[in-house]
Amino acid sequence: MDAISTFSEWIEDSNNIVFFGGAGVSTESGIPDFRSVDGLYNQKYDYPPEVILSHSFFISHPGEFYKFYRDKLIAKNAKPNKAHLRLAELERQGKLRAVITQNIDGLHQLAGSKKVLELHGSLLRNYCMRCKKPYSLSAVTEGQTIPRCSCGGIIRPDVVLYEEGLDMDIMNESISLIRKADVLIIGGTSLSVYPAAGLINYYKGHKLVLINKSPTPMDSIANLVINDKIGYVFSQI
């Protein structure tokens, strides 16, 4: 039996699946992967992307932060791809317990997924740093260079920047779901960004599936490795 057939069989037999995904889940929707050959980390800017997307840079250079943020991180026309849509369908069928994602694009929810744990926040949510008033994405994408609240405070995206910690409530819920999962599917991630990549260590089952176009450091501990585009793989199950 080939790998995709085995994967399909595991999906069919389980009602306790958890999916953990990274940037590769959204590249097929036209959103660039930071670390791919043609990703943001390999393009030329006045500062490296990891510097621009840091907490300290946002505080000291908010105008430059927002120029990069609007140009490179906000993909207004991105649509869910086959992976997003199939995961939402598996949830409706009562098979998938949750999606845990490193992505900030909101495409899982747009595809119809209800239980989505966003480890790095969402660009769709924004808030005033002074009074905490919530704002939609349009408050950031339209108007002045540095978006400001009616109170005068700077509006910032509800995303985890470099130098900032993850939300421990979301991390703890993710750990709990992974511990209890029958099947854990990890897709579209190089498993190189910690602490998120460390979530794999909490899985106690024997159906760990890694789907990624290139090898990962964790391939040797997986029960099933599929090196292919994640949209194609999900279209086959």
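The values are calculated or read from the model by the stated rules, or taken from the named source; none is laboratory data. As the structure is a computational prediction, the values presented were derived from the model and not from experiment. With ideal geometry, Cβ positions are generated from the backbone for all residues, glycine too; neighbour counts draw on all protein chains shown. For the accessible areas, the whole protein counts, side chains as well, though only heavy atoms, and no ligand, DNA or RNA atoms are used. Shrake-Rupley method; radii C 1.70, N 1.55, O 1.52, S 1.80 Å.
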Step through the table entries Lys79/Lys114; Lys180/Lys229; Lys95/Lys180; Lys67/Lys213; Lys95/Lys207; Lys82/Lys180, compare each Cα-Cα distance with 19 Å, and write down the pairs that go over it. Lys180/Lys229; Lys67/Lys213; Lys82/Lys180
Could you pull out every residue, at least 5 positions away or on a different chain, whose amide H is within less than 5 Å of the one on Ser54? Hs are placed 1.01 Å off N in the peptide plane, and Pro or chain starts have none. Tyr162
Mind grabbing the base-10 log of I(q)/I(0) for the chain at q = 0.12, 0.13, 0.17 Å⁻¹? Debye formula, identical points on the C-alpha positions, no solvent, two decimal places. -0.68, -0.79, -1.27
Working out 0.36 nm times the residue gap between Asn16 and Asn227, then minus their Cα-Cα distance, what length gain in nm do you get to one decimal? 73.6 nm
Near the amide H of Ala98, under 5 Å away, which other amide H atoms are found, from residues 5 or more places off or on another chain, if H is placed in the peptide plane? Phe19
Accessible area of the chain with a 1.4 Å probe: how many percent of it is carbon plus sulfur? 50 percent
In the stretch 72-154, the trypsin sites (Lys or Arg not before Pro) that sit in a DSSP loop and have at most 15 other Cβ atoms within 10 Å of their own Cβ are Lys76, Lys114, Lys115, Arg130, Lys132
Normalised by the number of residues in the chain, what is the relative contact order in percent for Cα pairs under 8 Å and 6+ residues apart? 25 percent
Test of understanding: in a Gaussian network model of the chain with alpha carbons linked when under 10 Å, which of Leu137, Leu210, Leu184 would top the mean-square fluctuation ranking? Leu137
